[in-house]
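Novice: Encoded as structure tokens, here's the structure I'll be asking about.
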Amino acid sequence: MRLVSKDFFRYYSAIIAVFILSWVISACQTLGQSSQQSRFIENPAAIGAQFPYLSSLPDGSMLMSWVEGTGSHHALKFAIYHQERWVRSGEAMRGSAWYVNWADYPAVVAIDDSFWIAHWRVKSRTGQLYDYDVFFSISADAGLTWSQPQKPYQDSTPAAHGFVSVFPALGQVGMVWLDGREVAKKISDRFSLRFTLIHRDGHVDSDRVIDSNTCTCCWTTSTVASKGPVVIWRSRRGDEIRDHHFAQLIDGIWSDPQPVSQEGWSIAGCPVNGPSVAANGKYVVASWFTAEGNRPRVRSAFANDSSLQFSQALDIDDEKPIGRTSVIAVTDETAIVIWITAMDKITRRASVAARSVDMNGNLGQIKHLSEINPGRDSGVPQVIKNQSSMMISWTQAGSPSRVKLLLVPLKIFD
């Protein structure tokens, strides 16, 4: 029998020790890097779900809603993500004959920790494709129970009503939407932006016109600054100029619509590419898409809500992006813009991209965060943030579709 020498054991023990040490160092490095990298988060949306919407709760939790179902039956569902785990899920509403569109879809929105609102669209009985009404339901117990559905207006005209945005206002919830009643009544060829106040007991005030001439199907957006809610929408002016306007609700009165930026984009029809807005205290930041001069680009600008004027717009991406932008305010003077880039001609794919911008006009590098199908079935990427990261969600188009949720550390923008 041949004996193995002690030197043999010493030699191979040393090799094994070096291997283990190298593996531990590599694992630690990987772990350290992972906190600096983006990662997808599993979520409770069923296979086939679409059109996520994100909002923040006062404790820093995230509320995500999405739509399940196809054809004539749909359900609006939601879940809460708290301290890196899903803690509760539920269903706000379900029904038939809903109008669900990639740019105009149902959502559940947290107004505060217990007062929530859900909204969706229901087709009119006329059978016309674009005749549908806005319906909403409120919850006073953070989504455990919901009120009976109702419309936010008294108008019964079979017409397009949609592209809703909701926000805290005067201790209640404000709602704006695009309204086509005057077109349906043949009073004019204009859509309007209208507002109402929905009280916590379900009472709805009479609706008011903020802008009497808007684009027909670009989503609206809203935020709350220190002096009051700010709403931005794509307007429609002479010579079919479809730039963006904004207004602010101060002491219950809306300011007159003012331009965000005057590109002068003249286009005969709606581009279906709406804006986004966010606020941090008195500072407001907006992002939007324009193709004025046949130059597609995503732009951004800041405003101080005491002056109600936006600064000179900056081009975030001028390489013919698709758009569908969202924005978050990181600090008083910095923001991060999210959008869908141009489609690659070879792969036929695009990217969900992000870029930092500040009030002084400084732009960070463009970060390509994830591949995305450039088609409309991907919807509009949604984004919210907490202290150290942001969450981005969109629809992964396909048969079946899926809801994607990406966590992105804010440190990558340092």
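Novice: Of THR220, THR214, which residue is under 22 Å from ALA169 (Cα atoms), crowded, with 21+ Cβ neighbours inside 10 Å and polar (S, T, N, Q)? Give the steps one after another, and end with the answer.
Specialist: On the way: THR214 fails: under 22 Å from ALA169 (Cα atoms).
Step by step, each of THR220, THR214 is checked, and only THR220 is under 22 Å from ALA169 (Cα atoms), crowded, with 21+ Cβ neighbours inside 10 Å and polar (S, T, N, Q).
Novice: Look at the stretch 90-143 and say how many of its residues are in contact with a Phe, Trp or Tyr (Cβ under 8 Å, 6 or more places away or on another chain), under 26 Å from VAL272 (Cα atoms), in a loop (DSSP other than H, G, I, E, B) and of a type in the set (Gly, Ala, Ser).
Specialist: Number of matching residues: 2.
Novice: While we're on this one: Which one of the conditions (1) within 23 Å of CYS218 (Cβ to Cβ); (2) not in a loop (DSSP other than H, G, I, E, B) does PHE78 fail to meet, given that it meets all the rest?
Specialist: Among (1) within 23 Å of CYS218 (Cβ to Cβ); (2) not in a loop (DSSP other than H, G, I, E, B), the lone unmet condition for PHE78 is (1).
Novice: Could you check the stretch 396-411 and list, in sequence order, the residues that are within 13 Å of PHE40 (Cα to Cα) and either among the aliphatic types (A, V, I, L, M) or buried (at least 21 other Cβ atoms within 10 Å of the Cβ) (or both)? If you could, list the steps in order and put the result at the bottom.
Specialist: The first filter runs over the stretch 396-411 and keeps only residues within 13 Å of PHE40 (Cα to Cα), leaving 396, 402-409.
VAL403, LEU405, LEU406, LEU407, VAL408 - these are the residues of the stretch 396-411 that are within 13 Å of PHE40 (Cα to Cα) and either among the aliphatic types (A, V, I, L, M) or buried (at least 21 other Cβ atoms within 10 Å of the Cβ) (or both).
Novice: Could I ask something else about it? Which condition from (1) at pLDDT below 95; (2) farther than 27 Å from ASN386 by Cα is the one that ASP305 breaks?
Specialist: Going through (1) at pLDDT below 95; (2) farther than 27 Å from ASN386 by Cα one by one, ASP305 breaks only (2).
Novice: For the stretch 72-99, what are the residues that are under 22 Å from LYS385 (Cα atoms), of a type in the set (Lys, Arg) and touching a strand residue (DSSP E or B) at 6+ places or on another chain (Cβ under 7 Å)?
Specialist: From the stretch 72-99, those under 22 Å from LYS385 (Cα atoms) are 77-89; that's our starting set.
In the following step, the residues that additionally are of a type in the set (Lys, Arg) were identified as 77, 85, 88.
LYS77, ARG88, listed by residue number.
Novice: Moving to a separate point now. Tally time: how many residues in the stretch 356-414 are in a loop (DSSP other than H, G, I, E, B) and acidic (Asp, Glu)?
Specialist: Kept after step one, since they are in a loop (DSSP other than H, G, I, E, B), are these residues of the stretch 356-414: 359-362, 364-366, 373-375, 379-381, 386-388, 397-401, 414.
Next cut, acidic (Asp, Glu) only: 414.
Summing the residues that are in a loop (DSSP other than H, G, I, E, B) and acidic (Asp, Glu) in the stretch 356-414 gives 1.
Novice: From the list ILE384, ILE336, pick out the single residue that is surrounded by 21 or more Cβ atoms within 10 Å (Cβ to Cβ), out of contact with any Pro (no Cβ under 8 Å at 6 or more places or on another chain), at negative phi and among the hydrophobic types (A, V, I, L, M, F, W, C).
Specialist: On the way: ILE384 fails: surrounded by 21 or more Cβ atoms within 10 Å (Cβ to Cβ).
Being surrounded by 21 or more Cβ atoms within 10 Å (Cβ to Cβ), out of contact with any Pro (no Cβ under 8 Å at 6 or more places or on another chain), at negative phi and among the hydrophobic types (A, V, I, L, M, F, W, C) holds for just one of ILE384, ILE336, which is ILE336.
Novice: Determine which member of the set ARG88, ARG121 is modelled with pLDDT of 95 or more and surrounded by fewer than 19 Cβ atoms within 10 Å (Cβ to Cβ).
Specialist: Values: ARG121 fails: surrounded by fewer than 19 Cβ atoms within 10 Å (Cβ to Cβ).
So the residue among ARG88, ARG121 that is modelled with pLDDT of 95 or more and surrounded by fewer than 19 Cβ atoms within 10 Å (Cβ to Cβ) is ARG88.
Novice: Next up: Condition first: in a loop (DSSP other than H, G, I, E, B) and touching a Lys or Arg at 6+ places or on another chain (Cβ under 9 Å). Now tell me which residues in the stretch 157-179 satisfy that. Give the derivation first.
Specialist: Filtering the stretch 157-179 for residues in a loop (DSSP other than H, G, I, E, B) gives 157-159, 170-171.
Within the stretch 157-179, THR157, PRO158, ALA159, GLY171 meet the criteria.
Novice: Only one of LEU249, LEU193, LEU197 is surrounded by fewer than 22 Cβ atoms within 10 Å (Cβ to Cβ), in contact with a Leu (Cβ under 9 Å, 6 or more places away or on another chain) and touching a residue at least 12 places away in the same chain (Cβ under 8 Å). Can you tell me which? Let's see the steps before the verdict.
Specialist: Numbers: LEU249 fails: surrounded by fewer than 22 Cβ atoms within 10 Å (Cβ to Cβ); LEU193 fails: surrounded by fewer than 22 Cβ atoms within 10 Å (Cβ to Cβ).
Matching residue, one of LEU249, LEU193, LEU197: LEU197.
Novice: OK, next. For the stretch 208-224, how many residues meet the condition of being in a strand (DSSP E or B) and either free of Cβ contacts under 8 Å to residues at least 40 places away in the same chain or under 20 Å from GLN382 (Cα atoms) (or both)? Before you say what the answer is, go through the steps one by one.
Specialist: Let us first name the residues in the stretch 208-224 that are in a strand (DSSP E or B), namely 208-214, 221-224.
The next check asks that each one be either free of Cβ contacts under 8 Å to residues at least 40 places away in the same chain or under 20 Å from GLN382 (Cα atoms) (or both); those that pass are 209, 212-214, 221-224.
Summing the residues that are in a strand (DSSP E or B) and either free of Cβ contacts under 8 Å to residues at least 40 places away in the same chain or under 20 Å from GLN382 (Cα atoms) (or both) in the stretch 208-224 gives 8.
Novice: In addition: Would you please list the contacts, defined by Cβ atoms under 9 Å and residues six or more apart or on different chains, that run from a residue in the stretch 345-362 that is farther than 21 Å from LYS385 by Cβ to a residue that is part of a strand (DSSP E or B) and of a type in the set (Asp, Glu)?
Specialist: Every condition considered, the pairs that remain are THR347/GLU371; ARG349/GLU371; ALA350/GLU371.
The values are calculated or read from the model by the stated rules, or taken from the named source; none is laboratory data. Since this is a predicted model, take the numbers as computed values, not measurements. Positions of Cβ are backbone-derived with ideal geometry, glycine not excepted, and every protein chain shown enters the neighbour counts.
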